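The values are calculated or read from the model by the stated rules, or taken from the named source; none is laboratory data. Note that the structure is predicted; figures quoted are calculated from it, not measured. Don't worry about glycine lacking a Cβ; one is built from the backbone with ideal geometry, like all the others, and counts go over all protein chains shown. Keep in mind that these areas ignore ligands, DNA and RNA; they rest on the heavy atoms of the full protein, side chains included. Shrake-Rupley method; radii C 1.70, N 1.55, O 1.52, S 1.80 Å.
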Amino acid sequence: MGRTSTKENKNVYHIAREERGLTRDAASDLLETIPPERIERIENEKMVPHPLDVLIMSKGYKAPHLCNYYCSNECPIGQEYVPEIKVKNLSQIVLEMLASLNTMKKSQERLIEITADGVIDDTELEDFIFIQNELERISITIETLQIWVEQTIADGKINLDKYNKIKNI
């Protein structure tokens with residue numbers, strides 16, 4: 001096995017590869033379609049990876065968060081529309097979800113009042129933006145949970161066959 005890089009400020013792709021204990025050559029063998037020179041250019045930020053590169057690295061390195069990182073930080077459309085998800089533990093995700101759902105339960109009647117006439121006037125705007133922000137928090141928490149599930153499956157801690165069968169995939 002090759003030596004571990006001592007480079008500071010490693011990017012997310014470099015870290016994901018090293019977390020799997022792979023040299024660039026070994027990663028290239030695993031990924032099959034990405035040569036070590038391309039991996040090096042991506043890790044040294046001399047090139048932005050193609051979406052397919054990221055998808056392949058995500059699966060090969062068992063690092064599903066790479067896809068979200070790419071979309072939220074490197075894709076021009078994603079930078080506009082995809083929030084970056086931070087990897088968290090399950091209990092933190094669940095507590096954040098419950099807090100947001102409780103807030104929305106309290107705001108449910110106000111949302112109905114605001115939107116019933118199909119118009120959001122100046123007196124309703126502050127409350128509407130608050131509710132909109134809470135809904136965005138719920139959405140981000142759902143995405144965080146999805147990445148947690150994908151990572152847990154990738155790590156072999158959830159039975160993928162049973163998971164897919166229950167989900168009817």
Filter segment 153-169 for residues that are in contact (Cβ under 8 Å) with a residue 24 or more places away in the chain and surrounded by fewer than 16 Cβ atoms within 10 Å (Cβ to Cβ) and give the result. Asp155
If you take the residues of segment 140-152 that are touching a residue at least 12 places away in the same chain (Cβ under 8 Å) and not β-branched (Val, Ile, Thr), which of them is surrounded by the most Cβ atoms within 10 Å (Cβ to Cβ)? Trp148
Looking only at segment 79-114, which residues are in contact (Cβ under 8 Å) with a residue 12 or more places away in the chain and among the hydroxyl-bearing types (Ser, Thr, Tyr)? Ser100, Thr103, Ser107
For Gly78, which of the numbered conditions (1) over 18 Å from Gln146 (Cβ atoms); (2) open to solvent by less than 70 Å² (accessible area, probe 1.4 Å) fails to hold? (1)
Please go through segment 39-59 and give me each residue that is open to solvent by less than 20 Å² (accessible area, probe 1.4 Å) and more than 12 Å from the chain's Cα centre (by Cα), ordered by number. Ile39, Ile42, Glu43, Pro49, Asp53, Val54, Met57
Scan segment 1-18 for residues that are loosely packed, with under 12 Cβ neighbours inside 10 Å and under 23 Å from the mean Cα position of the chain (by Cα) and jot them down. Asn9
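Name the single residue, out of those in segment 143-169 being hydrophobic (A, V, I, L, M, F, W, C) and farther than 12 Å from Val87 by Cα, that is modelled with the lowest pLDDT. Give the steps one after another, and end with the answer.
Here is the first cut: in segment 143-169, the ones hydrophobic (A, V, I, L, M, F, W, C) are 145, 147-149, 153-154, 158, 160, 166, 169.
With the extra rule that they be farther than 12 Å from Val87 by Cα, the set shrinks to 153-154, 158, 160, 166, 169.
On the way: Ile153: 97, Ala154: 96, Ile158: 97, Leu160: 95, Ile166: 96, Ile169: 77.
Going through the qualifying residues, I end up with Ile169.
For residues in segment 4-18 being assigned to a loop (DSSP other than H, G, I, E, B) and more than 18 Å from Cys75 (Cα to Cα), which is modelled with the lowest pLDDT? Walk me through how you get there before you give the answer.
Filtering segment 4-18 down to residues assigned to a loop (DSSP other than H, G, I, E, B) leaves 4-11.
Within this subset, residues satisfying the condition of being more than 18 Å from Cys75 (Cα to Cα) are 4-10.
Working: Thr4: 65, Ser5: 69, Thr6: 73, Lys7: 76, Glu8: 85, Asn9: 92, Lys10: 97.
The qualifying residue modelled with the lowest pLDDT is Thr4.
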Which ones in segment 25-38 are in contact with a Lys or Arg (Cβ under 8 Å, 6 or more places away or on another chain) and either outside any helix (DSSP H, G or I) or surrounded by fewer than 19 Cβ atoms within 10 Å (Cβ to Cβ) (or both)? Pro36
List pairs: first residue in segment 52-78 and aromatic (Phe, Trp, Tyr), second residue assigned to a helix (DSSP H, G or I) and surrounded by fewer than 21 Cβ atoms within 10 Å (Cβ to Cβ) anywhere in the structure, Cβ distance under 6 angstrom, at least six positions apart or on different chains. Tyr69/Val12
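For residues that are of a type in the set (Val, Ile, Thr) and either touching a strand residue (DSSP E or B) at 6+ places or on another chain (Cβ under 9 Å) or at pLDDT 95 or above (or both), scanning just segment 81-108, find the one that is surrounded by the fewest Cβ atoms within 10 Å (Cβ to Cβ). So that I can check it myself, show each step before the final result.
Let us first name the residues in segment 81-108 that are of a type in the set (Val, Ile, Thr), namely 82, 85, 87, 93-94, 103.
Right, trim to either touching a strand residue (DSSP E or B) at 6+ places or on another chain (Cβ under 9 Å) or at pLDDT 95 or above (or both) and you get 82, 85, 93-94, 103.
Details: Val82: 17, Ile85: 22, Ile93: 19, Val94: 14, Thr103: 17.
For segment 81-108, the residue satisfying everything is Val94.
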Can you tell me which condition Gly21 does not meet? The list is (1) surrounded by fewer than 17 Cβ atoms within 10 Å (Cβ to Cβ); (2) free of Cβ contacts under 8 Å to residues at least 24 places away in the same chain; (3) part of a helix (DSSP H, G or I), and all the others hold. (3)
